[in-house]
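Working notes for the structure below.
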Amino acid sequence: MANLKLTGVRKAYGSVEVLHGIDLDIRAGEFVVFVGPSGCGKSTLLRVIAGLEDISGGTLEIGGKVVNALTPKQRGIAMVFQSYALYPHMTVYENMAFGLTLEKGKPKSEIDGKVREAARILQIEPYLDRLPKALSGGQRQRVAIGRAITRDPQVFLFDEPLSNLDAALRVQTRIEIARLHERMEGTTMVYVTHDQVEAMTLADRIVVLNKGNVEQVGSPMDLYNSPDNLFVAKFLGSPSMNILPAKIESAGATTRVVPEGGSKVDLPIATSGSLQGKPAHLGIRPEDLSVTEEAGAPFRGKVVLTESLGEVTLVYIDNGRADEPFVAKLPGEIAIERGTTIGLTARPEAMRLFDEKGRAIRSQMRRAA
């Protein structure tokens, strides 16, 4: 078991700084997922942890030991790459055993035992004598994971391992990785992905990165339900959270907000009077919206597009902002014609409020508690 601790970790390529002083504690045995848009620094951060990139500043500790100057092999980590990185001329068995054969004095019987145990865990025993070209993408990825398992690492690093697989194989392999974490209790896993489903289903905690900075760290549902800012609110969720410009009409035990093009909404958020009259942003998840016939619906607009997905129907509403359509996720059996004007409502407690700079406004009473 090993924890990871990053303190002020920076990475620069010449004058271009990619990571801006990352502070992060990853507990031993934890499954942590890095997410963020392309270019946010998540893969660079993983490579820094692996020792494949030098640290420009700060310290990295693994198991309480500073490892800045250690090689990848000395760090006790194993990495699974997006591209599998298998030797095409070696069999599955040879690929999985290769790293162990480089260790002087390692008995062949011990190597064989580790390879066959990893193959058993990943259900690839029938393929041990095959070459990689005779395997499917999912099987190749399991071999790459098996090669990592044989090393008994303190920390597993995964760099978008499922991005080359089709949808069905991604689901299957994601389940296998979750089971692997359960079997290898005590092994720390750090996983990079751009796929929100992978992040939400695999992670104990998610680290949201943006432009080389950590935006928020927390459990999947904490981040989904209580985003710290607009970036996190919009990044997690598909379709993303609807964000409307708004004005705070009154503050106090409850906060009255007037969204642009909508009706007044009283939110169960206790705020100070200093916010009264200030501009803000009102956030509503698409799945929290429902159709209402009431004349005073908080949100109203013309339907410009519907997408029936079977279980749900996505309804896109013209809210005068072509770059950010208002989206409602409604029951699949609902029938709404394009061009129809509808009213939408949501429970006040399901709405989120952000200030002019995009920071979450939460009840001062909850913060004080």
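Every number in this text was worked out from the coordinates using simple rules, so none of it is lab data. None of these values were measured; they are calculated from a predicted model. With ideal geometry, Cβ positions are generated from the backbone for all residues, glycine too; neighbour counts draw on all protein chains shown.
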Beta bridges by DSSP in the stretch 4-233, antiparallel share as percent, to the nearest 5: 55
Amide N proximity, the stretch 34-67 versus D25 label position 7 Å along Cα-to-Cβ, cut-off under 17 Å: 59-66
Whole-number percent relative contact order across the stretch 239-368, with pairs defined as alpha carbons under 8 Å at least 6 apart: 27
Extension gain, E311 back to E287 (0.36 nm per residue minus Cα-Cα distance, nm): 7.4 nm
Inter-label distance, nm, simple model (7 Å from Cα along the C-beta direction), K133/K247: 7.0
Rough spin-label spacing in nm, given labels placed 7 Å along Cα→Cβ, for Q276 and K302: 3.9
Net lengthening on full extension, N164/S238 (0.36 nm per residue, minus Cα-Cα): 24.5 nm
The stretch 97-213: translational diffusion in µm²/s, Stokes-Einstein, Kirkwood Rh over Cα pairs, 20 °C, 1.002 mPa s: 138
20 Å tail of the calculated P(r), the stretch 15-78, as % of Cα pairs: 26
GluC sites (Glu not before Pro) lying in DSSP loop within the stretch 102-163, provided at most 15 other Cβ fall within 10 Å: E103
Cα-based Rg and Dmax for the chain, where Dmax is the largest Cα-Cα distance (Å): 24.6, 80
Kirkwood Rh, Cα atoms: Rg over Rh of the stretch 239-368: 1.00
Proxy reagent accessibility, fewest Cβ within 10 Å first, across Y127, Y191: Y127, Y191
Radius ratio Rg over Rh of the stretch 178-305, counting only Cα atoms, Kirkwood formula for Rh: 1.07
The stretch 237-282-the stretch 127-162 distance, computed between alpha-carbon centres (Å): 49
Amide H contacts of I269 (H built 1.01 Å from N, under 5 Å, at least 5 apart or other chain): T255
Packing-based exposure ordering (other Cβ within 10 Å, fewest first) of H281, H181: H181, H281
Efficiency of FRET between R10 and D204 - r from beta-carbon atoms, R0 30 angstrom, step 0.05: 0.70
Whole-number percent relative contact order across the chain, with pairs defined as alpha carbons under 8 Å at least 6 apart: 15
GluC sites (Glu not before Pro) restricted to the stretch 273-331 and DSSP loop, no more than 12 other C-beta within 10 Å: E293, E294, E311
Ranked S56, S109, criterion: other C-beta atoms within 10 Å, fewest first: S109, S56
Lysine-lysine proximity count for the stretch 4-233, Cα under 30 Å, sequence distance 8 or more or distinct chains: 29
Over the stretch 137-265, relative contact order from alpha-carbon pairs under 8 Å, at least 6 apart, %: 13
Segment E324-E185, length gained on full extension (0.36 nm per residue, minus Cα span): 45.7 nm
Residues H194 and R347, FRET efficiency given R0 of 45 Å [Cβ-Cβ distance, rounded to 0.05]: 0.90
